[in-house]
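Visitor: Following this message is one structure expressed as C-alpha cells.
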Amino acid sequence: MRPLTTMLTLAVLFGLFVTLPAQAQDADSLILQGKGMMAAGLSAADLDQMRQARALFERATGDENRAVLAHYYVARADHHLANLLAETDEGAAADHLDSAIEHLKQAIALEASAEAYALLSSAYGRKIGLKPMMGMFLGPKAGNALSEAKALDPDNPRVVLTEAISDFNTPKMFGGSKTRAMVGFQRALDLFAQEDITDPLLPSWGRDEAYAWLGIAHMQNDARDEARAAFEKALDVNPDYGWVKYVLLPRLDNAAGSE
Amino acid sequence: MPACFAHAQTACLVLLRTVFCFVLLPGLAGFARAQTPDRAVVRGRVVDAAGDGMPFVNVSLEGTTDGAATDRNGAFAFATRQQGRRRVRATMIGYEPALRAVELSPGDTVVVRLVLKETLLRLEEAVVTAQAYTTGEAETVTLSPLEVVTTPGAAADIFRAIQTFPGVAVIDEGAGLFVRGGDVTETVTLLDQATVVHPYKYESPTGGVFGTIPPFLVSGTYFSSGGFSARYGGALSAVLAMESQNLPPRTSFTANAGLAAASLSADVPVASGKLGLRFSGNRSFTGLLFRVNGQREAFTRVPQGLDGNLSLVFQYSPTGRLKLFNFVSDDQLGVHVAEPSFDGVYQGKTTNSLHNLQWTEVFDKWLVQTSLSINRYAAQRRLGNLDLRPGDRTLKLRTDVERGLGTRARLALGGEVERIANTFRGTIPLQDDVLDPEAAAYVLDEEYTATRAGAYAEVEWQPSRRIVTRAGLRTDYHAPARQAVVDPRLSFQVAWSKNTRAWLAWGLYHQFPMPYQYNPESGNPALRAQQARHYIAGLHHERDLLTLRAEVYYKPYRRLTLRAAEDNLRNTGRGRARGVDLFAKYGAFLRTRFNGWLAYSFLQSRRLQVRHRGRAITHEQGPSPFDVTHNLSAVGKVRVVGFLSAGLGLRYATGRPITPVVDAVAVEGQDYYLPVEGPVGSERLPAFARLDAQASYFYPFGDGSSATFYLALSNVLNRANVIDYDYTADYAERTERATHFRRSVYFGVTVTLNP
C-alpha cells in the first residue's frame, strides 16, 4: 500500500493544492500567450480567460521595450472585459473602460499610433454606450481620437472599421449614419483583404468583426440573405467566433422564424 | 487478499504511474527547474478584505515582467532571477494595488499574502468641494446643453435650468442666481477662465431675464453653491464656470425659427481634427410672442436683440490647443413704469461682448491653461431724470497649471490679474427713488478703475482608499482697497461604500467692492473686502438610477458694504445664512423612459440693512432681501412614444421679505415725498408658484440630418405671481405688481443638416 499512498499523496499535493511557479517570461512571450488567451476568451465569452490574458499583458508593461504594445493589449483586453460585463456589472464595465482609456493614453504618450487612437476612440464610444448622457462630452473626445488615427494611417482597416462602427451606433441626431457605416464596413473589408501582417506581436484583429458588423447592418435593413452570408464569412475567418455563432446567427434565425 | 482486489490494486497502480509520469512529472520537473540555485520562487495568495481568495489577479515584481496571475483560489507562484530587496505588486481593476516588500535569494522560496481592498474613492472623481452640479465625465449630477433646453420652464437658458437645483432661490421670473441667501452679485460667472462680468440679458436688480451665453455654445458647466475650491476668487456665495465647445466633429448647419427668435449656426471642421470653426447668429423679436399671448401693451418697445458668436479651435498637436471665443450681444426694451415720484417709460439698451483666447498645453507632466480675455459692456437706461450710460471694460489674464503627484495626490497652482474700469455718463436722481424729470439730479462723467491680482495653490491628497482631502490657499490683492486677503479652504470626503460618501468643507471667501463704489461722493475710498465663511456638511448616496444628496450649511458674513448714515458706504454690514439643501434625481436623460429631479431648500438668512425714515436712515437686523424660506423645484421628463418627449416643471417658493412703507414725508418746496419704512423685512410677498410644460418631437431624415419641433406652455396655471409692490406718489396706497409672464405658448422648429 505504501506506493499507492505515496502516489495518492503526491497526486493530491500537486494536483490540487500546489500552484506550480510560473517561469520568468519575456514580454514577447507574455504578449503572444495573452493574445492566444484573449482570442480564446473572446470566442467562448469567457471572463476568466480574458482576465488571465489581461494579467499577462499587464505584466508585459514592465518591459519598457514592449510597453507600447503591452499597454495597447491591456486596453484591448479591458475593452473586451467591458463588453462581457456590460449586462451584468455596469460599474465594473465602466472601470475597465476607464482603465482602457488610461492604458491607451500611456501607449500614445510613449508612441502615437493609429491603432491606439482608434481603440481609444472606440473605448470612448463604448463608454457613451454605458452612460449616454456623457455623449455630449465624450463624443468630441471619441471624434478627436478618431481624427488622430485617420491622420496617422487613413487606410488602416481597424481605423476604418472603428469609424464605421461609430457611425452605425451614433444616433442620427448626433451625426451617426447607417448608410455611411455600411460603406465603411465594406471599405474596411477591402483593406483587411490587402493587409499582410507577419509580426505576430502586432495588432491584426478585426476582419471577422468587420463581417459581423456588416451582417448586423444588413440585418437591420432586412437583407437576411446578405446578413447570413456576412456572418458565415465571419465564421470562415474565425470558426470559433462566439458572438456570431451563439448570438448573431441565432438572432437572425429567430427573426426569420418569427415571420 | 482476494484476487479481484489484487487486480484492482494493480490497475490503480498502473493508472497512478501513468498520471505520475505524464501529468505530475512535468510539473515536478518544472518545479525542480524553478528550484535551481539561480532562481528564487515567490508564492502566496491574494485575498480580498474578507479573506477570500481572488482569482486572476496580476501579481508581479515591480519593474519587471516576472510574475503570474492568481488561480481560482487566489494562489500564485512564480520563479525569478531577481535578487535582493524587491516589491511584489498585485493589481486588479476596481481595487487598490497591494504591495509587499520581499528579500529574494537564489534557491529560496518566499511566501507572501496580499490583501486587495476595493477602491471606494478615486482622486479624479472625488467631489471634495462640497455640493456641485456639473457637466463632465466624472460627476454624478450633470446638466448638459440638452438637459438645459429640455427642462420645462428653463426657456433653453443655462441660468434658469440651474435655478431648478437646490441652494438657488426663486425670486421672480428672471434668471438671477440667488444662492443661499446671497444676492446675484455674490455669484461669479466664468467661461474658459474668463470672467463674464455681465452674465444676464435684459438686466434688472434681480439679475436679468436670461443668461447672456446661449447653452449650445457651452460644452460643460460647473456650478457650486458653496465650499468651492481656492481656484475661484472674488465671490462670496457661488461660482458658475462654463467651458465652451471644442473642435466640431463634423460639418453641420442648424437653423432655428420660433415665436420669438430665429438663429443660424454652422460648425465647420476646416481641417479634420486640427482646425474647427463655429459660427452662430441669433435674432430675438418678442413682439410676435407677446401679440400671440397678450401683454404686448405692457411694452413700448418689446424686448429684442441680436447676438453672434465666432469661435476658432486649433488643435495644433495631440496636447496643444488654441481656442478663440468671440461673443457679442445687443438688446433693448421699453416698458411702462409707475414709480411714486414719476409715471413714465423705462428704456434700456445694452451691448455686451466677450473675446477670449485660451491656450492649453501639456509640458512634461504639467497641464497648463492660459487665457487672455476682454469683456466690454455698454448700456443706456432712461426713466424720468435718470439718463445713465454705464459701461465697463474688463481685461483679464489667467493661468492654471496642475499635475499629478504619484497616484494619490494632485497639485494645482494658478494666478490671475484682472483690471476692471467702470464708466458712468449722464444723470441720476439726487434723491434715491425720486425720478420726476423735474427733480434734482447729479450729472455724471466718471471713470473708476480697479486692478485685482490673485494666486492660489491647492493640493488634493488621497491618504486612503476611503478618504480624499483638499487643502488650498488663495490670496488676492486689490489696488483701490490697498488690501491683500488670504483665504484658506479645506475639504474632506470619506466614502463608506461605493454608493455612499460624506463630506465636510470649510473656507474663507472675500469679495471686493466694484470700482465705482470707491468714489468719495457716494461710495467710500476706504472700503475693504467683504467676507464670508462657509461651513458645510453633506451626504451623497447613489444606487443604480437614483441619486440622493443632502447638505447643511452655515455662512456668516462680515464687513458687508452698507450705506451709512453719512450717505456713503461703510464695511459695517454683517449677517448670516443657514439652511438645508436636499436633492433627489431618478433616471438619466436619453437613457430611461422617465427621468427627473426634486430639489428642496430650507433657508434662514438675516442681514443688517438700511431702514429709510424720510431723509434719515437707521440700520436694523432683519431677514435678508433674498431669505426665501422654502424653495421647491420638481422636474419630470418622459419619452412618450418614439421620438416624442414631454416634461413638466413645478417651482414653489416662499415670498421674499420686503420692507413696507408705512408713512411718507413731503419734501419742502418739491412735489414729491420720501418714504418712511417699517421694520426691515417685516413683510413678505405672496408665495411664488409656477407650472411649466414642454414637449418636443425629433424627426430624423437623410443622412444624419434632423428636425426638432418643440412646444412650450409657460405658467400653465396662469398664476399672477407678485414680484413687488408699487406705491402711489404719496405712499398712501400700495398695489401688487404682478409678473408679465402669464400663461403663454411658445413653439418653433430647429433643423440640423449634416451634409
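Visitor: Please tell me the relative contact order of segment B:132-753 in percent, rounded to the nearest whole number, where contacts are Cα pairs under 8 Å and at least six residues apart.
Guide: Reported as a whole number, the value is 11 percent.
Visitor: I would also like to ask the following. I want the local charge near B:Arg574. Using Cβ-Cβ distances under 9 Å, sum +1 for each Lys or Arg and -1 for each Asp or Glu among the other residues. Please report the intermediate quantities before stating the final value.
Guide: Numbers: positive: B:Arg558, B:Arg559, B:Arg576, B:Arg607; negative: none.
It works out to a net charge of +4.
Visitor: In the calculated pair distance distribution of chain B, what percentage of Cα-Cα distances lie above 49 Å?
Guide: 28
Visitor: Cα to Cα, under 15 Å, and not fewer than 8 places away if on the same chain: which aspartates and glutamates meet these conditions relative to A:Lys150?
Guide: By straight Cα distance, A:Lys150 reaches A:Glu115, A:Glu163, A:Asp167.
Visitor: Right, something else. Answer with one residue from A:Tyr241, A:Leu191, A:Phe231: the one whose Cα lies farthest towards the positive end of the charge dipole of segment A:184-243, charges on Cβ with Lys, Arg +1 and Asp, Glu -1.
Guide: With unit charges placed on the Cβ atoms, the residue in question is A:Phe231.
Visitor: Right, another one. Between A:Asp199 and B:Val268, take the C-beta separation as r, use R0 = 51 Å, and let me know the FRET efficiency to the nearest 0.05.
Guide: With R0 = 51 Å, the Cβ-Cβ based efficiency is 0.80.
Visitor: Express in whole angstrom the spacing between the alpha-carbon centres of segment B:484-558 and segment B:655-685.
Guide: 34
Visitor: Per residue of B:313-322, what is the mean number of Cβ atoms on other protein chains within 10 angstrom of that residue's Cβ?
Guide: The mean count of partner-chain Cβ atoms within 10 Å per residue comes to 2.
Visitor: Which net charge results for the neighbourhood of B:Val552, defined as the other residues with beta-carbon distances under 12 angstrom from its beta-carbon, given Lys and Arg at +1 and Asp and Glu at -1?
Guide: Computed value for this residue: +2.
Visitor: In square nanometres and to one decimal, what's the mean projected area of the convex hull around the Cα atoms of the protein assembly as shown?
Guide: Working: hull surface 191.8 nm².
For the protein assembly as shown, the mean projected area of the Cα convex hull comes to 48.0 nm².
Visitor: Would you mind giving the mean number of other chain beta-carbons within 10 Å of the Cβ of each residue in B:87-94, as a whole number?
Guide: 4
Visitor: Near the amide H of B:Gly220, under 5 Å away, which other amide H atoms are found, from residues 5 or more places off or on another chain, if H is placed in the peptide plane?
Guide: B:Glu243
Visitor: Go ahead and run the numbers for FRET between B:Ala471 and B:Asp544, Cβ-Cβ distance against an R0 of 30 Å, rounding to 0.05.
Guide: In this case the efficiency is close to 0.35.
Visitor: Considering only protein heavy atoms, with the full assembly of protein chains and a 1.4 angstrom probe, order B:His740, A:His80, B:His355 by accessible area, largest first.
Guide: B:His740, B:His355, A:His80
Visitor: Follow-up. Got a sec? Which residues in segment B:441-462 would a label at B:Arg408 touch, if it sits 7 Å along Cα→Cβ and we count backbone N under 14 Å?
Guide: The answer is B:460-462, whose backbone nitrogens lie closer than 14 Å to the label point.
Visitor: If amide hydrogens are placed 1.01 Å from N in the peptide plane, which non-local residues have theirs closer than 5 Å to the one on B:Thr109?
Guide: Long-range HN contacts for B:Thr109: B:Val41.
Visitor: Can I ask one more? In debye, nearest 20: dipole of the protein assembly as shown around its Cα centre with unit charges on the Cβ of K, R (+) and D, E (-)? Each step should come with its number before you reach the end.
Guide: Details: 106 positive and 105 negative charges, 398 e Å.
Computed about the Cα centre, the dipole is about 1920 debye.
Visitor: Now for a separate question. Net charge within 10 Å of B:Gln531 by Cβ-Cβ distance, Lys/Arg positive one each and Asp/Glu negative one each, not counting B:Gln531 itself?
Guide: Taking every other residue near B:Gln531 into account, the sum is +4.
Visitor: Please get the size of the charge dipole for chain B, origin at its Cα centre, with Cβ charges of +1 on Lys and Arg and -1 on Asp and Glu, quoted in debye to the nearest 20.
Guide: Dipole magnitude for chain B comes out near 3020 debye.
Visitor: Compute the acute angle (0 to 90°) between the alpha-carbon long axis of helix B:3-19 and the principal axis of greatest extent of the alpha-carbon atoms of chain B; round to the nearest 10°.
Guide: In chain B, helix B:3-19 runs at an angle near 60 degrees to the longest axis.
Visitor: Karplus couplings for segment B:511-517 from phi (6.51 cos²θ - 1.76 cosθ + 1.60, θ = phi - 60°), rounded to Hz, Gly and Pro as x?
Guide: So the Karplus estimates, Gly and Pro as x, are 9, 7, x, 5, x, 5, 6 Hz.
Visitor: Now a separate question. Show me B:198-209, B:224-235, B:171-182, B:302-313 ranked by packing, highest mean number of other Cβ atoms within 10 Å first.
Guide: Per-residue Cβ counts within 10 Å, averaged per peptide and sorted highest first, yield B:171-182, B:224-235, B:198-209, B:302-313.
Visitor: Calculate the mean, over all residues of peptide B:57-67, of how many other protein chain Cβ atoms lie within 10 angstrom of the residue's Cβ.
Guide: 6
Visitor: For chain B, find the longest principal axis of its Cα atoms and tell me its angle to the long axis of helix B:25-34, 0 to 90°, nearest 10.
Guide: 70
Visitor: Quick one: which residues, 5 or more positions from B:Ala664 or on another chain, have an amide H under 5 Å from its amide H? H modelled 1.01 Å from N in the peptide plane, none for Pro or chain starts.
Guide: Those qualifying (amide H under 5 Å, at least 5 residues apart or on another chain) are B:Val676.
Visitor: Moving on to the next point. Report the charge-dipole magnitude of segment B:405-444 in Debye, nearest 20, computed about the Cα centre from +1 at each Lys and Arg Cβ and -1 at each Asp and Glu Cβ. Numbers along the way, then the final one.
Guide: Details: 4 positive and 6 negative charges, 135 e Å.
For segment B:405-444, the charge dipole is close to 640 debye.
Visitor: Still on this model: So which of A:Lys141/B:Lys637; B:Lys498/B:Lys585; A:Lys178/B:Lys323 end up more than 24 Å apart, counting from Cα to Cα?
Guide: Working: A:Lys141/B:Lys637 28 Å; B:Lys498/B:Lys585 18 Å; A:Lys178/B:Lys323 32 Å.
The pairs that break the limit, which is 24 Å between Cα atoms, are A:Lys141/B:Lys637; A:Lys178/B:Lys323.
Visitor: Can you give me the distance in nm between label points at B:Thr370 and B:Ala707, each placed 7 Å from the Cα along the Cα-to-Cβ direction?
Guide: 5.0
Visitor: Return the aspartates and glutamates within reach of B:Lys349: Cα separation strictly under 13 angstrom, same-chain partners fewer than 8 residues apart disregarded; answer none if there are no such residues.
Guide: Once the sequence-local aspartates and glutamates are set aside, what remains near B:Lys349 is B:Glu203, B:Asp330, B:Asp331, B:Asp387.
Visitor: Quote the FRET efficiency, to the nearest 0.05, computed for B:Asn499 versus B:Thr572 with a Förster distance R0 of 45 Å and r equal to the Cβ-Cβ distance.
Guide: For R0 = 45 Å, the calculated efficiency reads 0.40.
Visitor: Taking 7 Å along the Cα-to-C-beta vector as the label spot, tell me the B:Glu438-B:Ala537 distance in nanometres, rounded to one decimal.
Guide: 6.3
Visitor: Compute the separation of the alpha-carbon centres of segment B:245-289 and segment B:604-626 and state it in Å as a whole number.
Guide: 47
Visitor: Could you give the length gained on full extension between B:Arg425 and B:Ala257, defined as 0.36 nm per residue of separation minus the Cα-Cα distance, in nm?
Guide: 56.7 nm
Visitor: Using the charge dipole of the protein assembly as shown (Lys, Arg: +1 at Cβ; Asp, Glu: -1 at Cβ; taken about the Cα centre), state which of B:Pro166, B:Asn754, B:Leu504 has its Cα farthest towards the positive end.
Guide: Result: B:Leu504, furthest along the dipole toward the positive end.
Visitor: Of B:Leu104, B:Leu114, B:Gly63, which is farthest along the charge dipole of segment B:35-118 in the positive direction, counting Lys and Arg as +1 and Asp and Glu as -1 at C-beta?
Guide: So the residue furthest toward the plus end is B:Leu104.
Visitor: Compute accessible area for segment A:43-65 by itself and then with all protein chains, 1.4 Å probe, and report residues whose area falls by 30 Å² or more.
Guide: A:Asp48, A:Arg51, A:Gln52, A:Ala55, A:Glu58, A:Arg59, A:Gly62
Visitor: So which trypsin sites (Lys or Arg not before Pro) in segment B:582-628 are both in a DSSP loop and have at most 14 other Cβ atoms within 10 Å of their Cβ?
Guide: Listed in order of number, the matching sites are B:Arg591, B:Arg593, B:Arg615.
Visitor: Right, next: Test of the criteria: in segment B:360-399, which trypsin sites (Lys or Arg not before Pro) are in a DSSP loop and have at most 13 other Cβ atoms within 10 angstrom of their Cβ?
Guide: Passing both the DSSP loop test and the Cβ count: B:Lys365.
Visitor: For a distance above 18 Å, tell me the whole-number percent of Cα pairs in segment B:35-118 that qualify.
Guide: Details: 1192 of 3486 pairs.
That fraction is 34 percent.
Visitor: Enter the per residue convex hull volume of segment B:291-395, computed from alpha-carbon coordinates, in Å³ rounded to the nearest integer.
Guide: Per-residue hull volume (Cα only) is 152 Å³.
Visitor: Can you work out the Karplus-derived ³J(HN,Hα) for every residue in segment B:166-179? Use 6.51 cos²θ - 1.76 cosθ + 1.60 with θ = phi - 60°, whole Hz, and x for glycine or proline.
Guide: Taking θ as phi minus 60°, the curve returns x, x, 10, 8, 8, 9, 7, 7, x, 9, x, 9, 9, 9 Hz for segment B:166-179.
Visitor: When the C-alpha atoms of segment B:181-272 are aligned to their principal axes, what extent does each axis show, in angstrom, from largest down?
Guide: 43, 34, 17
Visitor: Probe radius 1.4 Å, ligands and nucleic acids ignored: give me the carbon and sulfur share of the accessible area of segment A:104-259 as a rounded percent. Walk me through the intermediate numbers first.
Guide: Working: 3620 of 7160 Å².
C and S atoms contribute 51 percent here.
Visitor: So what is Rg over Rh here for segment B:592-635, counting just Cα atoms and using Kirkwood for Rh? Walk me through the numbers on the way to the answer.
Guide: Numbers: Rg = 18.1 Å, Rh = 13.4 Å.
My calculation puts Rg/Rh at 1.35.
Visitor: For the protein assembly as shown, what does the helix formula give at 222 nm: sum of -39500 (n - 2.57) over DSSP H segments with n ≥ 4, over the residue count, nearest 500 deg cm²/dmol?
Guide: Taken over the protein assembly as shown, the calculation gives -7000 deg cm²/dmol.
Visitor: Mind grabbing the interface size between B and A? I mean buried accessible area, both sides, 1.4 Å probe, in Å² to the nearest hundred.
Guide: Working: alone 34300 and 14050 Å², together 43210 Å².
Rounded to the nearest hundred, the buried surface is 5100 Å².
Visitor: Within segment B:590-697, list the GluC sites (Glu not before Pro) lying in a DSSP loop whose Cβ has at most 15 other Cβ atoms in a 10 Å radius.
Guide: B:Glu668
Visitor: Taking θ = phi - 60°, what integer Hz values does the Karplus form 6.51 cos²θ - 1.76 cosθ + 1.60 yield along segment B:276-292, in sequence order, with x for Gly and Pro?
Guide: Whole-Hz 3J(HN,Hα) from phi for segment B:276-292: x, 10, 10, 9, 8, x, 9, 10, 9, 8, 7, x, 5, 4, 6, 5, 5.
Visitor: In nanometres, what is the gap between the two model label sites at B:Arg296 and A:Thr179, each 7 Å from Cα along Cα-to-Cβ?
Guide: Reported label-point gap for B:Arg296 and A:Thr179 is 4.3 nm.
The values are calculated or read from the model by the stated rules, or taken from the named source; none is laboratory data. Model, not experiment: these values are computed from the prediction. So basically every Cβ, Gly included, is an ideal-geometry build from the backbone, and we count neighbours across all protein chains shown. Keep in mind that these areas ignore ligands, DNA and RNA; they rest on the heavy atoms of the full protein, side chains included. Shrake-Rupley method; radii C 1.70, N 1.55, O 1.52, S 1.80 Å.
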